[in-house]
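Notes follow the structure.
Read-outs throughout are calculated quantities, based only on the coordinates presented, and are distinct from any laboratory measurement. All values derive from a computational prediction rather than experimental measurement. For neighbour counting, all protein chains shown are included, and Cβ atoms are generated from backbone atoms with ideal geometry for every residue, glycine included.
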Amino acid sequence: MSEVRRKEHRLKYYDYSKSNYYFITINTHDKKDIFGIIEKDKMILNDAGNKLNELIPTIFDNGKAEIVVFQIMPNHIHFILEIKKDGAIKLSSAIGYFKSIATKELKIKPLWTRGYYDRVIRDEKEYNNEYNYIVNNPYRDKYKW
């Protein structure tokens with residue numbers, strides 16, 4: 001049986017340990033609604049969602065990276081991650097660390113899908129677009145734009 005190959009979305013020759021902003025999406029395992037529900041265009045967090053919400057600002061307390069803005073959704077999370085200094089941490093290591101800490105603290109296994117989606121934010125316009133997408137995601141999710 002042949003192995004399924006994932007579509008490569010990474011920028012060729014880009015250094016993912018470079019100081020920059022990255023748009024990240026991570027889905028829950030089997031896209032299960034683990035963190036709450038959307039009601040009247042707002043995300044209503046349940047206990048797991050509230051715990052993750054409190055945890056996120058503390059995850060990268062080592063100064064290597066920072067989650068600038070995030071939105072927890074029922075079955076995924078969006079955030080902008082800033083790698084603070086060139087070479088301080090690779091993006092894949094930062095995401096692995098995030099997933100590991102969240103899984104340990106929430107005590108839900110499996111919690112996340114194997115992979116994640118990332119996008120290098122290249123300029124201020126892209127940053128603003130991704131920021132607004134994250135903040136408005138509960139509203140957008142309701143209407144499935």
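Quick notes on this one:
- Phi angles of the range 109-125 translate, via the Karplus equation with coefficients 6.51, -1.76, 1.60 and θ = phi - 60°, into HN-Hα couplings of 10, x, 9, 10, 5, 5, x, 7, 9, 9, 9, 6, 8, 9, 7, 5, 4 Hz per residue; Gly and Pro are given as x.
- Furthest towards positive pole of dipole, Pro74, Ile59, Asn27, structure part the chain, Cβ charges: Asn27
- Compared with the direct C-alpha span, the chain from Tyr133 to Lys104 gains 7.6 nm at full extension, assuming 0.36 nm per residue.
- Charge tally in the Cβ shell below 12 Å around Tyr127, where Lys, Arg are +1 and Asp, Glu are -1, Tyr127 excluded: -2
- FRET E, pair Leu55, Glu126, Förster distance 30 Å, beta-carbon r, rounded to 0.05: 0.65
- Model label points for Asp15 and Tyr97, set 7 angstrom from Cα along the Cα-to-Cβ axis, are 1.8 nm apart.
- Length added when fully stretched, Lys85-Thr25, from 0.36 nm per residue minus Cα-Cα: 19.4 nm
- Largest-first principal axis extents, alpha carbons of the range 70-129, Å: 37, 28, 17
- From the coordinates of this entry, percent of Cα pairs over 25 Å apart is computed, and it appears in [x] 29; [y] 32; [z] 35 under the label [x].
- Only the Cβ atoms of Lys and Arg (+1) and of Asp and Glu (-1) were treated as charged; on that basis the dipole of the range 1-112 about its Cα centre amounts to roughly 400 debye.
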